[in-house]
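What follows is one structure encoded as structure tokens, with my remarks underneath.
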Amino acid sequence: MTTSFNHYVIVDWSAANTRKTGKDSIWICHAGPDGEVLSNPPTRHHAKILLAEILSASSARDQRVVLGFDFPFGYPVGLAARLGLTGTPWRAVWELIAGLVEDHPDNRNNRFTVGAELNRRISGGRFPFWGCPVRFDDEFLGPKHHNGHESGGLAEKRLIDRWMTGAQPCWKLAYTGSVGSQALTGIPVVRALRDDPRWADRARVWPFETGLGLPDDARIVFAEVWPSWWDWQPTREPGEVADRAQVRHVARFFAERDRAGGLEALFAGDPNLDPAQSRIVETEEAWTLGVTAPRPRRSPPSSTLAIKPG
């Protein structure tokens, strides 16, 4: 059976401020015609170079690549308008972030300063981004949740985040699950790779440039993924770092799903999205590849206490 792609690349990102490997660092799994390769680059600079090498080699062979990153590609609807940006909302936000973020080869970055600056432009206060080290002192970014979404006019979570039980808000810049920092440091990298002149005419960002579907003309497709959506524990090797197991499992899952003829359906998102929701997804908020329906919340445990035999 003909597959949609030749290469399946899954990236577990990190916003670390120093060089880092092992747990809670960047992990990349590349499953392709030549086998499976797992990499643990110590910096985002090294990761970008490695990913560019993969795209260069695949482009030279006219092979097709899906490249998934585990951070949000978009923000809740209305952010671009609040920032006074013009043009297509997602692209305008990406351009602004890429212009503000300074990310050095040794992983030093200014993501908290960028969060504070965005807050200043959006609200003139500590909304909507939150979370920072205690040593970071800025009137426009605080360490604690501001609880201001109801009055602030920007939702805490995107539509897709509400579909995925347990997803963290993209405004969160520190502490466990700080996907906000991953997005601020990751979006400039995806933007640069997508716009690389060696393959820019064949690259697309899903679903922003493709709609909720898989276009036939895109040789390189960038997508947002959330490895925790799938149960990767059964494939975890003894002593294996969780991030490594996750990227390996998702890359294999996509490859196997493609061989079975079912990968293309995952690009459709949830078929029950109404036209207004689909437009928000395709122009501002993005979607997570593979999520085709909301995940039901688990019922809370019964409050009834079991009576022990006397």
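Can you go through D217, D231, D201 and tell me which one is more than 16 Å from the chain's Cα centre (by Cα), at negative phi and modelled with pLDDT of 95 or more?
Result: D201 is the single residue among D217, D231, D201 that is more than 16 Å from the chain's Cα centre (by Cα), at negative phi and modelled with pLDDT of 95 or more.
Suppose we filter I10, I54 for residues that are crowded, with 18+ Cβ neighbours inside 10 Å, among the β-branched types (V, I, T) and within 21 Å of W226 (Cα to Cα); which single one remains?
After ruling out the rest, the residue left standing is I10.
Condition first: of a type in the set (A, V, I, L, M, F, W, C), more than 20 Å from A242 (Cα to Cα) and free of Cβ contacts under 8 Å to residues at least 12 places away in the same chain. Can you find one or more residues in region 46-53 that meet it?
There is at least one residue in region 46-53 that is of a type in the set (A, V, I, L, M, F, W, C), more than 20 Å from A242 (Cα to Cα) and free of Cβ contacts under 8 Å to residues at least 12 places away in the same chain.
Give me the pairs, please: first residue somewhere in region 210-224 and within 13 Å of E282 (Cβ to Cβ) and free of Cβ contacts under 8 Å to residues at least 24 places away in the same chain, second residue anywhere and surrounded by 18 or more Cβ atoms within 10 Å (Cβ to Cβ) and not β-branched (V, I, T), beta-carbon distance under 8 Å, and either six or more positions apart or on two chains.
P215/R204
Quick one: is R111 crowded, with 20+ Cβ neighbours inside 10 Å and among the basic types (K, R)?
yes
Restricting attention to region 162-176, which residues are surrounded by 17 or more Cβ atoms within 10 Å (Cβ to Cβ) and touching a residue at least 24 places away in the same chain (Cβ under 8 Å)?
If the condition is that a residue be surrounded by 17 or more Cβ atoms within 10 Å (Cβ to Cβ) and touching a residue at least 24 places away in the same chain (Cβ under 8 Å), then W163, M164, A167, C170, W171, K172, L173, A174 are the ones that fit.
List the helices (runs of 4 or more DSSP H) inside region 172-277, counting only whole elements, that have at least 3 residues being within 30 Å of N109 (Cβ to Cβ) and touching a strand residue (DSSP E or B) at 6+ places or on another chain (Cβ under 6 Å).
Answer list for region 172-277: 179-194, 242-259.
Considering only residues that are part of a loop (DSSP other than H, G, I, E, B) and either closer than 15 Å to V66 by Cα or free of Cβ contacts under 8 Å to residues at least 40 places away in the same chain (or both), which ones fall in region 12-32?
T21, I26
Condition first: over 17 Å from L67 (Cα atoms), touching a Gly at 6+ places or on another chain (Cβ under 6 Å) and either surrounded by 14 or more Cβ atoms within 10 Å (Cβ to Cβ) or in contact (Cβ under 8 Å) with a residue 60 or more places away in the chain (or both). Can you find one or more residues in region 182-189 that meet it?
So far as region 182-189 goes, no, none of its residues is over 17 Å from L67 (Cα atoms), touching a Gly at 6+ places or on another chain (Cβ under 6 Å) and either surrounded by 14 or more Cβ atoms within 10 Å (Cβ to Cβ) or in contact (Cβ under 8 Å) with a residue 60 or more places away in the chain (or both).
Write out, first by first residue and then by second, each pair whose Cβ atoms fall under 8 Å of each other, whose residues are 6+ apart or on separate chains, and whose first residue, in region 257-284, is under 25 Å from T86 (Cα atoms) while the second is exposed (fewer than 14 other Cβ atoms within 10 Å of the Cβ) and among the aliphatic types (A, V, I, L, M).
Pairs that qualify, where the first residue is under 25 Å from T86 (Cα atoms) and the partner is exposed (fewer than 14 other Cβ atoms within 10 Å of the Cβ) and among the aliphatic types (A, V, I, L, M): there are none.
Test V179 against the stated conditions and say whether it is out of contact with any Cys (no Cβ under 7 Å at 6 or more places or on another chain), aliphatic (A, V, I, L, M), touching a residue at least 24 places away in the same chain (Cβ under 8 Å) and crowded, with 18+ Cβ neighbours inside 10 Å.
For V179, the condition - out of contact with any Cys (no Cβ under 7 Å at 6 or more places or on another chain), aliphatic (A, V, I, L, M), touching a residue at least 24 places away in the same chain (Cβ under 8 Å) and crowded, with 18+ Cβ neighbours inside 10 Å - is not met.
Test T3 against the criterion of being within 25 Å of T210 (Cβ to Cβ), at pLDDT below 95 and surrounded by fewer than 21 Cβ atoms within 10 Å (Cβ to Cβ), and give yes or no.
Against the criterion (within 25 Å of T210 (Cβ to Cβ), at pLDDT below 95 and surrounded by fewer than 21 Cβ atoms within 10 Å (Cβ to Cβ)), T3 qualifies.
Please find, among P238, P275, P301, the residue that is at pLDDT below 85, surrounded by fewer than 10 Cβ atoms within 10 Å (Cβ to Cβ) and out of contact with any helix residue (DSSP H, G or I) (no Cβ under 7 Å at 6 or more places or on another chain).
Going through P238, P275, P301 in turn, the sole match is P301.
The values are calculated or read from the model by the stated rules, or taken from the named source; none is laboratory data. Source: prediction; values computed, not measured. With ideal geometry, Cβ positions are generated from the backbone for all residues, glycine too; neighbour counts draw on all protein chains shown.
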